[in-house]
């Protein structure tokens, strides 16, 4: 089988102010880096309202529609903005992860990567923040559980910033294991080890500033891979942020592109052992354009290798 690449041109229409790190060029660089790869290329659909209501209340969705500007930008908080094309971009991103879950669980493809923006892992139940509007990884998990009837799913988030939104959205979900590694201290300030979920299914792994890929590899081998194997998810969802890269301007970890390649490969090995290789990955952060492009390419190449 093959790897699916799911994206939509509308994700380029979410426009942030000049100088904002979460900019259109991020996705342009990612898509350019993935050109020429032999993938199943899929146009992301719009997410259905019922899909988003699995994780966000109607009032939250209505509020975003009310705030959507006809021109310029509407500022939600210090970091998060809406432009006229933002909601379609976000609905396409959510639709991408839903389509990815459907394709992987039906056996149409072995795994999938969603090249989308805005990112999602900071969006809480009723709060847009950290550049994020919808909790895409959590939505993928809930769709797999509630629509497809899976008994267990796992989310692994290796973005340098804590996935507070995914944690919030899946805090009470005993069927979902949420594993996140993040620099600490760093915004948003959550992600301490004692934040372990209502059912003990949240594993937070803080990483000290200036730590490197060797530190990450040791931690994942000691903590993450055994926990995944013990939980035995039927689907693995990856929040793929590449801002732990040593060149990223928003954090102070020192991972290399090869560290992202190694981590993706090892996660695919675990998935092969516990869930027939079923993996859905969705793009989160990464703000140095060259590091983002090369790391995403390495990530996708490992997904493709695992799909063979």
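Based on the mean of other Cβ atoms within 10 Å per residue, sort peptides 120-126, 62-68 so the most packed one is first.
120-126, 62-68
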| task | Please give, to one decimal in nm, the separation of the simple spin-label points placed at residue 37 and residue 20, each 7 Å out from Cα toward the Cβ. | result | 2.6
| field | Residues listed by number, segment 154-168, amide nitrogen under 18 Å from residue 78 label point at 7 Å toward C-beta | value | 161-165
| task | Identify which of 102, 51, 77 has the largest mean-square fluctuation in a Gaussian network model of the chain, with springs joining Cα atoms closer than 10 Å. | result | 77
| said: Rounded, prolate or oblate for the chain? Axes are the square roots of the Cα gyration tensor eigenvalues, ordered a ≥ b ≥ c, and the cut-off for rounded is a/c under 1.5. | reply: rounded
| message | Quick check for you: which residues of segment 55-82 have the amide N under 12 Å from the point 7 Å beyond the Cα of residue 125 toward its beta carbon? | response | 55-58
| said: Highest mean first, how do 227-235, 179-187 rank when packing is the count of other Cβ atoms within 10 Å averaged over residues? | reply: 179-187, 227-235
| field | Computed FRET value (nearest 0.05) for residue 215 with residue 106, which takes r as the C-beta separation and R₀ as 45 Å | value | 0.70
| Label-to-label distance, nm, for residues given as residue 250 and residue 50 (7 Å Cα→Cβ offset) | 3.4
| Which FRET efficiency value, to the nearest 0.05, is calculated for residue 222 and residue 195 with the Förster distance at 25 angstrom and r the Cβ-Cβ distance? | 0.85
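Values quoted throughout were computed directly from the atomic coordinates according to the rules given, and no laboratory measurement underlies them. None of the values given here were measured: they were computed from a predicted structure. Cβ sites come from the backbone with ideal geometry, for glycine too, and all protein chains shown count toward neighbours.
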